[in-house]
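Working notes, beginning with the structure itself.
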Amino acid sequence: MVTPSKSEFLRLARQGNLIPVYREILADTETPVSAYRKLRKRGPSFLLESVEGGERIGRYSFLGANPRTVIRGGTLDDVQRAMEQYQPVTVPGLPRFSGGAVGFLGYECVHQFEPTVPRPPRDELGTPNLCFMITDTILIFDRVTQTIKVVANAHVEQSPAQAYAAACRQIDDILGQLARPLKTPPVEFQRDATLRGVRSNMTPARHAAMVRRAQEYIRAGDIIQVVLAQRFAARTRAAPLDIYRALRSVNPSPYMFLLDFGGFQLVGASPEVHVRCEERDVVIRPVAGTRWRGRTAEEDAALERELLADEKERAEHLMLVDLARNDIGRVCDYGSVRVDEFMVVERYSHVMHIVSNVTGRLQPGRNVYDLMRATFPAGTVSGAPKVRAMQIISELEGTQRGPYAGAVGYFSFTGNLDSCITLRTALLKDGTAYIQAGGGIVADSAPRYEFNETVNKSQALRKAIALASRFPRRPTRR
C-alpha cells in the first residue's frame, strides 16, 4: 500500500511543493548493508547507522543512492539556499529524516564562520571543504518494527497527479532492485590484523615540539587547552564498503557512516554527536574522559570509579560542557539551555567515556543552519577558548585538516538536523586511506604520551582496513 493515497496526496499538494510518498515492507531478509549493495551505482551514495549509546542499537538506519544533486565545495549558505527552495509537507508515519541534504562539513568551513582564524597554506588532500547530496529517495530501516520504508519525495511543480505517479514508479524501481539476489561469499572474520606501511605527516620529534609550543601558549594565558592532530596514511586496495563492514564489527559506535562521493569516500565510526535538532529541540552530548573496558565486570567497575575520580578528566569534561552551553546559548531561547545529564559513564565495545547531555530550544527565527554555524567546530576538536585555540591549531599543524574534525550528518527537508563530529574516520582517495587523530593538550601533558594517544585512537580504523583487505574480492567497482 502506498502512503499517502492519491486522493490524499492531491489534497496535500495544495500545502507545499515536496511531499514524501512511501511503501513499507518487511525487513527480515534484508540488512542495511545488503540493501546498500543492491542500490548503489557508480554515482554518490550513503549509508548511516547507529549505536545509540553504550551498547544499545539505534532504531533507524538510512541509506540512499542516485541523489537529485550534489553540492561540492562552496559555503553552508549554498546548502541552505538549495534546501530552502522546497516547501515540504509532513506525512504521518515517517521518522525525523525522510530526505534532505546528507554529507559533511570539513574543518576548514570554520573560516566561513570565524574569519579571524587563518587558513593553513597547505592542502594535502584536495577534497572539497564541504560536500552534500540532496537526496529525495531514501530507505529507512526500522529495527523496532523490522520494516523498511521506501520513500520517494514527490516534487510538485505543475501536475500533482504526474508527480505522484513518478514517485510511485521510483518506489517500484527500488523494490525491484531490492528483489535482486546477491552473491555474497562468507567472510571468515579474524580479529587480529595489522595495517602495514602506515606513515605520518609528522615525526614524533616534530609532534613533541608542537605540543611544547602549545604549552607555552597555555602558560602565557592564551588558552586553557588545544586539540592537536596528526594524519596517518597507508596504501590500500580494500573496498570502502568492506572497510565499513569491518569497522562496524570492530568498533560499533553511535554514528556509523559510509559517504561515497565518487572520487573519494568517508568511512567512520564517530563516538560523539556534534549537534542534533528535532522539532526545534537541540541536543549536544559532550564526550571527554576515557578508559579502556575491563576484562571482567569487577575490573570494568573499578575503571569507571577511577575515571570519575580523575581530576584532569573531570576538568576537561566540565570545560567542554561549558563550551556546549555557550555555543547553543547563542541561538536557543534564553533560559532553555540546561544540563540534564552530567558526567555519566557510557560503555562501548572497547572503551568507556564520561558523557553529559546539554539541551535547549531553538529561538524563533533561527534554523538548523544557524545552529550549525553557532556550534562549529566542536570544542572536542578545537580547545578553549575556542577561537584562540583554532588560531593556534592553524599555526602549529600547518596543513588543512580536510574532513577531519568537521561534521558528518544531514539537514532534513522538514528542518531537522543530526550530525556527528568527524572522528575515527578514514578518507579513502586514489588508493590511499587517510586517518587523522588528535589529543587535548593541557599544561601538564607529556609529549610522548600525547603522540601515543593519537596512534591509539587510529587503531580501530587501521584494524578495519587491514581486515577488509582480506575480504574476497568481488567483480564490481567497490
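Relative contact order of the stretch 342-478: what whole-number percent is it, with Cα pairs under 8 angstrom and at least 6 residues apart?
Working: 105 pairs, mean separation 18.4, N = 137.
RCO, the stretch 342-478: 13 percent.
What aspartates and glutamates does LYS429 reach when the alpha-carbon gap must be under 18 Å and sequence neighbours fewer than 8 apart in one chain are set aside?
ASP123, GLU124, ASP242, ASP260
Angle between the Cα long axis of helix 204-219 and the longest principal axis of the chain, 0 to 90 degrees, nearest 10?
On a 0 to 90 degree scale, this one is about 80.
Normalized C-alpha radius of gyration of the stretch 138-182, against 2.2 N^0.38 Å?
Values: Rg = 12.8 Å, N = 45, 2.2 N^0.38 = 9.3 Å.
Dividing the Cα radius of gyration by 2.2 N^0.38 Å gives 1.37.
When a/c is below 1.5 the answer is rounded, else prolate if a/b is larger than b/c, else oblate, so apply that to the stretch 324-387 with a ≥ b ≥ c taken from the square roots of the Cα gyration tensor eigenvalues. Mind dumping the intermediate values first?
On the way: a/c = 2.30, a/b = 1.60, b/c = 1.44.
Prolate, because a/c is 1.5 or more and a/b exceeds b/c.
Full-extension gain between THR194 and THR145, please, as 0.36 nm times their residue separation minus the C-alpha to C-alpha distance. The partial results should precede the final answer.
On the way: separation 49, 0.36 × 49 = 17.64 nm, distance 3.87 nm.
The span from THR194 to THR145 would gain 13.8 nm if fully extended.
Each residue of the stretch 322-331 in order: what ³J(HN,Hα) in whole Hz does its phi give by Karplus 6.51 cos²θ - 1.76 cosθ + 1.60, θ = phi - 60°, with x for Gly and Pro?
Here the 3J(HN,Hα) series is 4, 4, 4, 4, 5, 4, 6, x, 5, 10 Hz.
ARG470 to LYS41: extension gain in nm, 0.36 nm per residue of separation minus the Cα-Cα distance?
On the way: separation 429, 0.36 × 429 = 154.44 nm, distance 2.34 nm.
Gain on stretching ARG470 to LYS41: 152.1 nm.
Which whole-number percent is the relative contact order of the chain (Cα, under 8 Å, 6+ apart)?
On the way: 1026 pairs, mean separation 109.6, N = 478.
Here the relative contact order equals 23 percent.
Compute the helix-to-body angle for 386-397: its Cα long axis versus the longest principal axis of the chain, expressed 0 to 90° and rounded to tens.
Taking Cα atoms only, the helix is inclined about 80 degrees.
Please give the helix 297-309 orientation as an angle from the longest Cα principal axis of the chain, in degrees from 0 to 90, rounded to the nearest 10.
It works out to around 70 degrees.
Any idea what the dipole of the stretch 158-270 comes to, in debye rounded to 20, about its Cα centre with Lys/Arg Cβ at +1 and Asp/Glu Cβ at -1? Numbers along the way, then the final one.
Values: 15 positive and 8 negative charges, 110 e Å.
So the magnitude is around 520 debye.
Across the stretch 437-452, in residue order, what do the Karplus-derived ³J(HN,Hα) couplings come to in whole Hz, using 6.51 cos²θ - 1.76 cosθ + 1.60 with θ = phi - 60° and x for Gly and Pro?
My calculation for the stretch 437-452 gives 8, x, x, x, 9, 10, 4, 9, 5, 9, x, 5, 4, 5, 4, 5 Hz in order.
When N counts the residues of the stretch 170-245, how does its alpha-carbon radius of gyration compare numerically with 2.2 N^0.38 Å, as a ratio? Spell out each step's value before the answer.
Numbers: Rg = 23.1 Å, N = 76, 2.2 N^0.38 = 11.4 Å.
Relative to the rule-of-thumb radius for its length, the stretch 170-245 sits at 2.02.
In the stretch 244-376, how does Rg compare with the Kirkwood Rh, expressed as the Rg/Rh ratio over alpha carbon atoms?
Values: Rg = 17.0 Å, Rh = 16.4 Å.
Expressed as Rg/Rh, it is 1.03.
Full extension from GLN158 to VAL187: what is 0.36 nm times the residue separation minus their Cα-Cα distance, to one decimal in nm? Working shown, then result.
Values: separation 29, 0.36 × 29 = 10.44 nm, distance 5.02 nm.
Result for the pair: 5.4 nm of gain on full extension.
Along the positive direction of the dipole of the stretch 169-305 (beta-carbon charges: Lys, Arg +1; Asp, Glu -1; about the Cα centre), which of ILE223, PHE189, ALA209 reaches farthest?
Value computed over the given set: ALA209.
Can you list the lysines whose alpha carbon is less than 23 Å from that of LYS149, not counting same-chain residues fewer than 8 positions off?
Leaving aside lysines fewer than 8 places away in the same chain, those within reach of LYS149 are LYS6, LYS38, LYS41.
In whole Hz and in residue order, list the ³J(HN,Hα) couplings for the stretch 224-238 that follow from phi through the Karplus curve 6.51 cos²θ - 1.76 cosθ + 1.60, θ = phi - 60°; x for Gly and Pro.
Result, rounded to whole Hz: 9, 8, 9, 9, 10, 10, 10, 10, 9, 9, 8, 6, 8, 9, 5.
If you take Cα Rg over 2.2 N^0.38 Å from the coordinates, which of [x] 0.97; [y] 1.12; [z] 1.30 do you get?
[x]
Under a Cβ-only charge scheme (Lys and Arg +1, Asp and Glu -1), can you give me the dipole magnitude of the stretch 371-476 about the Cα centre, in debye to the nearest 20? Please list the in-between numbers first.
Details: 13 positive and 7 negative charges, 100 e Å.
Value, rounded to 20: 480 debye.
Okay, helix-only estimate at 222 nm for the chain: each DSSP H run of n ≥ 4 adds -39500 (n - 2.57), divide by all residues, round to 500 deg cm²/dmol; what do you get?
Numbers: 13 runs with 147 residues, N = 478.
Calculated mean residue ellipticity at 222 nm is -9500 deg cm²/dmol.
Provide the FRET efficiency to the nearest 0.05 for the ARG314-ARG14 pair, computing r from the beta carbons and using R0 = 56 Å.
0.50
Given +1 on the Cβ of Lys and Arg, -1 on the Cβ of Asp and Glu, and no further charges, what dipole in debye does the chain carry about its Cα centre, rounded to the nearest 20? Intermediate values should be presented prior to the final figure.
Working: 64 positive and 52 negative charges, 364 e Å.
The calculated dipole for the chain is roughly 1740 debye.
Compute the FRET efficiency between SER7 and ASP370 as 1/(1 + (r/R0)^6), taking r as their Cβ-Cβ distance and R0 = 30 Å, and round to the nearest 0.05.
Details: r = 38 Å, r/R0 = 1.27.
Calculated transfer efficiency: 0.20.
A short reminder: the numbers here are calculations on the coordinates, not readings from a lab. Bear in mind the structure is a predicted one, so any value in this text is a computation, not a measurement. Positions of Cβ are generated from backbone atoms using ideal geometry, with glycine treated the same way; all protein chains shown enter the neighbour counts.
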